[in-house]
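Working notes, structure below.
The values are calculated or read from the model by the stated rules, or taken from the named source; none is laboratory data. Everything quoted here is computed from the prediction, not taken from an experiment. Cβ placement follows ideal geometry from the backbone for every residue including glycine, while neighbour counts extend to all protein chains displayed. Surface areas here come from the heavy atoms of the whole protein model, side chains and all, with no ligands, DNA or RNA. Shrake-Rupley method; radii C 1.70, N 1.55, O 1.52, S 1.80 Å.
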Amino acid sequence: MTKTVIELRQVSLTLGHGASRVHVLKGIDLDISAGEATGIVGPSGSGKSTLLMVIAGLESVDAGTVRIAGEALNGRSEDDIAAFRGRNIGIVFQSFHLIPNMTALENVAVPLELAGHADPFGVAAAELAAVGLKDRVTHYPGELSGGEQQRVAIARALAPEPKILIADEPTGNLDQATGRQIADLLFAKAQERAMTLLLVTHDPALAGRCARQVAMRSGRIEPAPAAQAVSA
């Protein structure tokens, strides 16, 4: 039987205060199996990125339960959740989120150093080589193309060997050809390392590469057939 690695039950989240208060997630139930590639799709403002942030432990829910890799995130301290995320979840953002005054090597080594890894720079160098950047380790983000920056971000997400890889519009800031290369890299690494891949995208072609699509609208997951599995 396939193990469930992401489990959400009746998750609700409201953001903002007063007149700007918005009910972003409304009674979300979601199960994602280990090793599954899942695309989260839906119009802007439907709650897709917020759902990813909840799964990553970057947003606390108002109600419901969030269980990731067999552990409940509810009620835990920020430091505890950060440590859990460092061990279990890699995150790739649309805008790369690299530290501008650090080299590619230093950027990838950061999460390893924070985790007290014995050889952070050795692992970082190996991860950069694995994403095709062996010759760019000493370059700063400003010296890299958008595609190269996203490769650094992927290497950084992969370095701690997470169980789950989360990607929020990973090709959104890239041209079509570069975006396809980045998508190829994400799916290849997820399959190679038997990771669960969860990505938000507006790109139907990218979503269609996932084994399953989950459609969101107005803070809710739409019922079948919109969320039925599709061919990889």
For a Förster distance of 41 Å, can you work out the FRET efficiency between the beta-carbons of E161 and S218, rounded to the nearest 0.05? 0.65
Per-residue HN-Hα couplings for region 154-167 [Karplus 6.51, -1.76, 1.60; θ = phi - 60°; Hz; x = Gly/Pro]: 5, 4, 5, 5, 7, 3, x, 6, x, 6, 10, 10, 10, 10
Per residue, the convex hull volume that the Cα atoms of region 41-123 enclose (Å³): 136
Going by the alpha-carbon gyration tensor, a ≥ b ≥ c the square roots of its eigenvalues, is region 11-84 rounded (a/c under 1.5) or, if a/c is not under 1.5, prolate (a/b greater than b/c) versus oblate? oblate
Just the number, please: carbon plus sulfur as a percent of the accessible area of the chain, 1.4 Å probe, no ligands or DNA/RNA counted. 50
Solvent-accessible heavy-atom area per residue, rounded to whole Å², over region 2-46 at 1.4 Å: 47
Here are some pairs, K3/K163; K134/K163; K26/K48; which of them have Cα atoms lying more than 20 Å apart in this structure? K134/K163
By how many degrees, 0 to 90 and rounded to 10, does the Cα axis of helix 78-88 deviate from the longest principal axis of the chain? 70
How high is the relative contact order of the chain, in percent, counting Cα pairs under 8 Å that sit 6 or more residues apart? 27
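Using helices alone, I'd like the mean residue ellipticity at 222 nm for the chain: each DSSP H run of four-plus residues gives -39500 (n - 2.57), total over residue count, nearest 500.
Helix-only estimate at 222 nm: -10000 deg cm²/dmol.
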If I take all pairs of Cα atoms in the chain, what percentage of them are more than 28 Å from each other? 30
Along the charge dipole of the chain, Cβ charges K/R +1 and D/E -1, which of L186, I221, T4 sits furthest on the positive end? I221
For region 193-204, 3J(HN,Hα) per residue [Karplus equation, 6.51 cos²θ - 1.76 cosθ + 1.60, θ = phi - 60°, Hz, x = Gly/Pro]: 9, 6, 8, 7, 10, 10, 9, 9, 8, 9, 8, x
Expressed per residue, the solvent accessible area of region 129-232 in Å² (1.4 Å probe) is about 47
